[in-house]
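Participant: Mind having a look at this structure? Questions to follow.
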Amino acid sequence: MITSFKFIHEKFKLNGVHYSNEALLRVASNFIKEGEPYEKEVGKFLQYWLDENEFMEVNTSGSTGTPKSIKIKKQAMVNSALATGEFFDLKPSDKALHCLPTWFIAGKMMLVRAMVLGLELDLEAPTAHPDFNIYRAYNFCAMVPLQLDNILKDFNLIKTIIVGGAPVSTALIEKLQGIDSHVYESYGMTETVTHIALKKLNNLPPSLRGKAKQSAESFKTLPNISISKDERGCLVIDAPKLSEEKIITNDIVEVYSETEFKWLGRIDNVINSGGLKFFPEQIEAKLQDKIQARFFIASKPHDTLGEQLILLIEGDIESMDPSAFSSLKRNERPKNIFTLKQFAETASGKVQRKKTVALISHNWS
């Protein structure tokens, strides 16, 4: 097992071939010159990884603000890969599938894990429906929920799947029950060098099966990572092998122990209506099976309440089940519904809530 970014594990293979550092640089150059767009990004990353710099510039997703470039230690990326390998007991020559964009941290880390742990990595285009070798059994893969939903019939070809980048719907969680693959939802961000915590989504023990629609309650941190919360109730991450300073997030959580927590929502999104605090993400979880289009809960100004709950739907209101609000408590029910042809998005396709709300604010009465 490799513990320094300057070396590549002797068992590492890319598309079935092992490369020395020098040969991998030639592959990177060929990808950049002649490859598909996703291969060009892989080539650029490999060139940056194999240079002499100890840091790498990585782009944040921009889902909660303006996308930015931050510097991350390559050694921190190695340490993250080692923690994932330990958590999932990944071994040299295990097979892994890479079907995420390498532009973002999750895609970069699939390559780092393979080089550090000695995995045999198959590179596929990062499409909504990954077109991978169905005759090859894989030990590990990372996906976004849409990809996961689209490969359900081929699930058992992959032993362990981590899913992130967007919330996992209750409908998808229900589909995951009873399959052989082990599926985990990940918690993390660019600043934490991808995921720092995971929670099991399927094949839950009997004590949790009744909660399958809401998923298991808590995330469990990876090795050598502990958590707490600040005076705002937001998650604070202590991961000395990933960051020299504690990472203070804007995620409101319930902390069960130094290694377990439940995610409630973003403090940026919390709505205070008549003195009651509402977490949009919690309300949205109750509506996921009732609205087929993209949607989210937000608020508009109100003279008496301060803020009033509203629902925004991308497309036509007919995508919503007429009985959708029956699953909500009375004070959780939105007072207005707005539809938009298209939500504001980041470059990676994540919804930008504030920008989307601004698009319809002129319709408020």
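The values are calculated or read from the model by the stated rules, or taken from the named source; none is laboratory data. As the structure is a prediction and not an experimental result, all values here were calculated from the model. With ideal geometry, Cβ positions are generated from the backbone for all residues, glycine too; neighbour counts draw on all protein chains shown. Each accessible area value is taken on the protein alone, full model and side chains, heavy atoms only, with ligands, DNA and RNA left out. Shrake-Rupley method; radii C 1.70, N 1.55, O 1.52, S 1.80 Å.
Participant: Per residue, how much accessible surface does region 288-344 expose to a 1.4 Å probe? Answer in Å², no decimals.
Facilitator: 57
Participant: Hey, with R₀ at 30 Å, roughly what FRET efficiency would residue 361 and residue 318 work out to, going by the Cβ-Cβ distance, to 0.05?
Facilitator: 0.80
Participant: Now, a different point. Note down the accessible area of residue 230, probe 1.4 Å, to the nearest 10 Å².
Facilitator: 30
Participant: To the nearest 500 deg cm²/dmol, what mean residue ellipticity at 222 nm is calculated for the chain from DSSP H runs of n ≥ 4 alone, each contributing -39,500 (n - 2.57), summed and divided by the residues?
Facilitator: That calculation yields -7000 deg cm²/dmol at 222 nm.
Participant: Further question: If you average the alpha carbon positions of region 333-365 and of region 122-158, how far apart do those two centres end up, in angstrom?
Facilitator: 31
Participant: Using the Karplus curve 6.51 cos²θ - 1.76 cosθ + 1.60 with θ = phi - 60°, what ³J(HN,Hα) values do you get for each residue of region 270-281, in whole Hz, with x for Gly and Pro?
Facilitator: For region 270-281, the Karplus curve yields 4, 10, 9, 10, x, x, 9, 9, 10, 9, x, 4 Hz.
Participant: Kirkwood Rh, the chain, all Cα pairs: how many Å?
Facilitator: For the chain, inverting the mean 1/r across all distinct Cα pairs yields 21.8 Å.
Participant: Which FRET efficiency value, to the nearest 0.05, is calculated for residue 7 and residue 354 with the Förster distance at 35 angstrom and r the Cβ-Cβ distance?
Facilitator: The pair residue 7/residue 354 has a calculated efficiency of 0.20.
Participant: In whole percent, and with a 1.4 Å probe on the protein chains, what portion of the accessible area of region 130-244 is carbon and sulfur?
Facilitator: C and S atoms contribute 50 percent here.
Participant: Could you work out the relative contact order of region 22-154, using alpha carbon pairs under 8 angstrom and six or more residues apart, expressed as a whole percent?
Facilitator: 19
Participant: At a 10 angstrom cut-off on C-beta neighbours, averaged per residue, how do the peptides 152-160, 325-333 rank from highest to lowest?
Facilitator: The most tightly packed comes first, giving 152-160, 325-333.
Participant: Can you list residues from other chains, or at least 5 along the same chain, whose modelled amide H is less than 5 Å from the amide H of residue 296?
Facilitator: 312
Participant: I'd like the Kirkwood hydrodynamic radius of region 46-125, using the inverse of the mean 1/r over distinct C-alpha pairs, in Å.
Facilitator: Result for region 46-125 stands at 13.4 Å.
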